[in-house]
Structure formats: C-alpha cells, structure tokens
Amino acid sequence: MPEFARKLARSHAHKNMHNGLSDHEDIVKRELWHETLQAYLASVAFVDAQIGRFLEELENNPRGRDTVVMLTSDHGWHLGEKKHWCKGAIWEQTLKVPFIVRAPGAEAGAVNLEPVSLIDVYPSLVDLAGLEVPDFLDGNSIKPQLYDPKAERAPAISFYGEANTSIRSRDWRYIRYEDGSEELYHHQEDPNEWTNEADNPEHASIKKELSKFIPKNPHPGVKVQEWFDKYQP
C-alpha cells in the first residue's frame with residue numbers, strides 16, 4: 001500500500017476523539033471489535049426492516065407497480081479492512097454501496113455487475129420517467145442495464161480531494177494519488193484489494209487503459225497534502 005494511501009485514510013479516522021488513536025486502533029485496543037460490528041449489523045437490519053414496511057405499503061397502492069424504487073447510499077464503510085474503520089478512502093469498502101432498482105418491466109432479481117456512480121441516479125430517474133435526459137449532466141442513465149443485464153458501461157470515477165482518483169471497471173480498480181503513487185486491484189481474484197498490482201508489468205496495459213479515464217482538468221478542490229501539512233504536522 002502506498003504511504004500516501006495510508007495517510008489519506010488516517011486523515012479521516014477521528015483521531016481527535018480517541019486521544020490520537022484512529023477509530024480502528026481504538027476499537028482494537030479496547031477489544032470492541034465484536035460489539036462494534038454487532039452494532040453496525042443491527043443498524044443495517046433496522047433499516048432493512050423499515051424499507052420492508054415501506055414496500056409493503058407501496059404494494060397496497062394502486063400505482064405501486066408503476067412506481068420506480070431506487071435504493072442506494074452515499075458511501076460504504078470499512079469494518080477493519082486495511083486497518084481502517086470508517087469511510088474517508090477511495091478503496092472498495094468506502095465506495096461500494098447498495099444500488100437496487102425496481103422499475104416497471106425490469107426483470108426481478110436480475111444482476112448487472114457493471115459499475116455505476118451516484119451521479120447516475122438523477123439521469124436514471126429522469127429516463128425511467130420517460131422524460132428527456134439533459135445533455136449537460138455528467139452521469140448516465142442505468143436504464144440499459146436494467147433491461148439488459150449484460151449491457152456494458154464506462155468505469156465509475158470517484159475522487160477524494162483534488163487529485164486522488166479511483167477508476168472502477170467491472171473487474172479492476174485503478175487508483176492514482178496526488179503524489180503520483182498508484183494502486184491496481186483485480187476484483188475477480190482479489191475482491192478485498194489486498195494485492196497491489198500497480199507495478200506488475202503483466203498488467204501495464206490495464207493500468208494504461210484505466211488511466212485514460214482520469215480527468216485532464218479536474219474541478220479544483222482541496223489538496224490533501226496541504227491539509228496534512230496544516231493539520232497533521
């Protein structure tokens with residue numbers, strides 16, 4: 001793992017709450033791993049039950065089957081993977097969220113493994129409503145994937161700060177940090193992102209292809225290194 005990746009994750013680890021320890025270090029020190037994981041799963045189960053109540057009521061509505069239902073979240077969560085326990089990274093556990101859609105005519109239970117992004121939510125809802133999708137949007141409708149589970153789409157792009165970028169295709173994740181360090185993971189063989197293949201010459205073509213999706217002129221944001229220098233000397 002590049003040193004910058006480690007620093008980036010620890011910058012969002014709530015050390016001010018644990019006497020200088022990260023969330024993960026504090027949980028391990030106090031032997032609270034089981035209880036913390038139990039609390040997380042309990043929260044998930046509670047939300048799941050409330051969604052079930054909503055869907056049951058929707059079934060009783062005369063327009064229920066004409067209603068598009070989309071379930072997603074703003075971010076994922078690390079539960080100790082990579083010694084990290086929160087969000088604030090551009091690895092799989094932080095960026096992967098549920099993305100479930102029920103739409104008229106779509107096959108129930110169908111799965112499409114192509115990556116999508118949260119900027120795809122609005123154009124998808126517009127498209128599913130039968131309206132014209134504005135051409136100035138950065139996102140793209142997932143309607144083709146809903147009605148054809150084999151339909152492909154472009155990789156999903158995620159950012160942390162100005163120049164820390166993750167490119168997620170169906171099978172790979174490529175990360176480039178603002179200091180130039182890189183990560184490359186093959187999700188079919190390494191779903192937990194343990195083995196960084198960025199320096200493996202056998203995958204140079206994969207890295208080159210994914211790097212094409214890194215924006216040439218990204219929106220200006222906070223340089224994370226500047227934040228490190230100011231707040232974490």
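Taken together, the values in this text are just the output of simple stated rules run on the coordinates, not laboratory data. All figures in this text were calculated on a predicted structure; none of them were measured in a lab. Glycine gets a Cβ as well: all are built from the backbone with ideal geometry, and neighbour counts include every protein chain shown.
Observations
- Sequence-ordered 3J(HN,Hα) estimates for the range 157-173 from the Karplus curve with 6.51, -1.76 and 1.60 and θ = phi - 60° stand at 10, 10, 10, 9, x, 7, 9, 10, 10, 10, 10, 10, 9, 4, 10, 10, 10 Hz, glycine and proline given as x.
- Most tightly packed first, judged by the mean number of other beta-carbon atoms within 10 Å of their residues, the peptides 153-159, 191-197, 163-169 read 163-169, 153-159, 191-197.
- Separation between Cα centres of the range 18-42 and the range 128-200, rounded to whole Å: 30
- Note on residue 208/residue 181: beta-carbon distance plugged into 1/(1 + (r/R0)^6) with R0 of 22 Å gives a FRET efficiency of 0.85.
- For the listed peptides 86-98, 125-137, 55-67, a ranking on the average number of other beta carbons within 10 Å per residue, highest first, reads 86-98, 125-137, 55-67.
- Equivalent ellipsoid semi-axes - Cα gyration tensor, the chain, angstrom: 33, 25, 17
- In the calculated pair-distance distribution of the range 114-218, the portion above 19 angstrom amounts to 50 percent of the Cα-Cα pairs.
- Stretch gain in nm, segment residue 118-residue 61, where the contour uses 0.36 nm per residue and the Cα spacing is subtracted: 17.7 nm
- Paramagnetic reach from residue 41 in the range 81-99 [backbone N under 16 Å; point 7 Å along Cα→Cβ]: 81
- Take every Cα pair under 8 Å whose residues are at least 6 apart in sequence, average their separation, divide by the length of the range 1-142, and the relative contact order is 21 percent.
- Straightening the chain between residue 79 and residue 111 buys 9.0 nm, computed as 0.36 nm per residue apart minus the Cα-Cα spacing.
- Inter-site label distance for residue 131 and residue 21 at 7 Å from Cα along Cβ, in nm: 5.0
- Measuring against 24 Å, Cα to Cα, the residue pairs 29/87; 96/143; 143/216; 96/207 contain 143/216 as the ones spanning a longer distance.
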